[in-house]
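The values are calculated or read from the model by the stated rules, or taken from the named source; none is laboratory data. Here the structure is a predicted model, which means the values were calculated and not measured. Cβ atoms come from the backbone with ideal geometry, glycine included; neighbour counts cover every protein chain shown.
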Amino acid sequence: MSDLAIRSLSKTFGGVRAVNEVSFDIKRGEFLALIGPNGAGKSTCFNMINGQLPPDSGEILFEGAKLNGKKPRDIWRLGIGRTFQVAATFNSMTVIENVQMALISHANQVYRLWKPASSLHRERALELLAQVGMQDAADRPSRELAYGDVKRVELAIALANDPRLLLMDEPTAGMAPKERNDLIALVKRLVIEKGISVLFTEHSMDVVFAFADRIIVLARGRLIADGDAKSIRDNPQVREVYFGT
Ligand code: ADP
Ligand code: MG
């Protein structure tokens, strides 16, 4: 069964056709890379899937239900999580408080009951931090974290919502190559364990070819290829548009 179905999705900004009749599916448990040069329309696709941006035309179906017209918050509640290109946590809080906040929000508990150093969801938050390798930093202020570690905490925050589909727009932006590889390996391991699907963008082709189950290529708003690493690597149109060879 397909988890997410994108049907003829289009979005124009002024005269720019940012996303042009794009269709693809994400199957349950799939680790799917969306690649393409800068300006190809990747972020615009993410923004339409999570409800931040209304499509001009086309359909988005999640587990068979239409997402068009729903608000980001409702889409998030349906089980579609998202991380952002620029990682951000609440700096005035500790690492674990950030994850506890996400758990409180997921449980739909009232925010004003929140008190710093509260024990609410502490165990579950520690478990999530352990899953991303950040349990030792639990009680440190978030602002002290290195960028790569903020990305890991952001992942724990996204997982606090128990997503069945996780959207990650350039999760490794600003990271060194080794850190990139480690973060994507971590995400892949977690999604296999949890059985969730991931759609991610990533600039390093080495990382994409090493980890993605399937790769979708956008160029100037159009989907030009959809297949496994080998078929993408050998695709002449991809080589021309993406690698310039
Ligand atoms: P990518 O994420 O693949 O780099 P984007 O989806 O961000 O590409 O952008 C696709 C095209 O749409 C680009 O030409 C970009 O300049 C344009 N675009 C994106 N967002 C907006 C916006 N809010 N207003 C105007 N143009 C936009
Ligand atoms: Mg982008």
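Here are the numbers for the structure shown:
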{"quantity": "Unique match (being of a type in the set (S, T, N, Q) and assigned to a helix (DSSP H, G or I)) among Asn161, Asn181", "calculated": "Asn181"}
{"quantity": "Residue in the stretch 1-13 that is more than 10 Å from ligand 1 (Cβ to nearest atom), within 14 Å of the chain's Cα centre (by Cα), farther than 23 Å from Val241 by Cβ and of a type outside the set (Lys, Arg) present", "calculated": "yes"}
{"quantity": "Subset of the stretch 35-74 that is within 16 Å of ligand 2 (Cβ to nearest atom) and over 29 Å from Asn235 (Cα atoms) - its residue that is nearest to the chain's Cα centre (by Cα)", "calculated": "Asn50"}
{"quantity": "The lone exception for Asp149 - which of (1) more than 16 Å from ligand 2 (Cβ to nearest atom); (2) surrounded by 15 or more Cβ atoms within 10 Å (Cβ to Cβ); (3) outside any helix (DSSP H, G or I); (4) not aliphatic (A, V, I, L, M) it fails", "calculated": "(3)"}
{"quantity": "Residue ID - nearest to Phe209 (Cα to Cα), chosen from residues in the stretch 21-42 that are within 15 Å of ligand 1 (Cβ to nearest atom) and either without any contact (Cβ under 8 Å) to a residue 24 or more places away in the chain or surrounded by fewer than 18 Cβ atoms within 10 Å (Cβ to Cβ) (or both)", "calculated": "Pro37"}
{"quantity": "Strands (runs of 3 or more DSSP E) wholly inside the stretch 9-102 containing at least 3 residues that are modelled with pLDDT under 95", "calculated": "80-83"}
{"quantity": "Number of positions in the stretch 206-245 that are modelled with pLDDT of 90 or more and either under 27 Å from Asp149 (Cβ atoms) or assigned to a loop (DSSP other than H, G, I, E, B) (or both)", "calculated": "12"}
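Yes or no, residue by residue, for (1) touching a residue at least 24 places away in the same chain (Cβ under 8 Å); (2) in the same structural domain as Ile35 (by TED's automatic domain parsing):
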residue	(1), (2)
Ala125	yes, no
Leu129	yes, no
Gln135	no, no
Arg140	yes, no
Met175	yes, yes
Leu190	yes, yes
Asp213	yes, yes
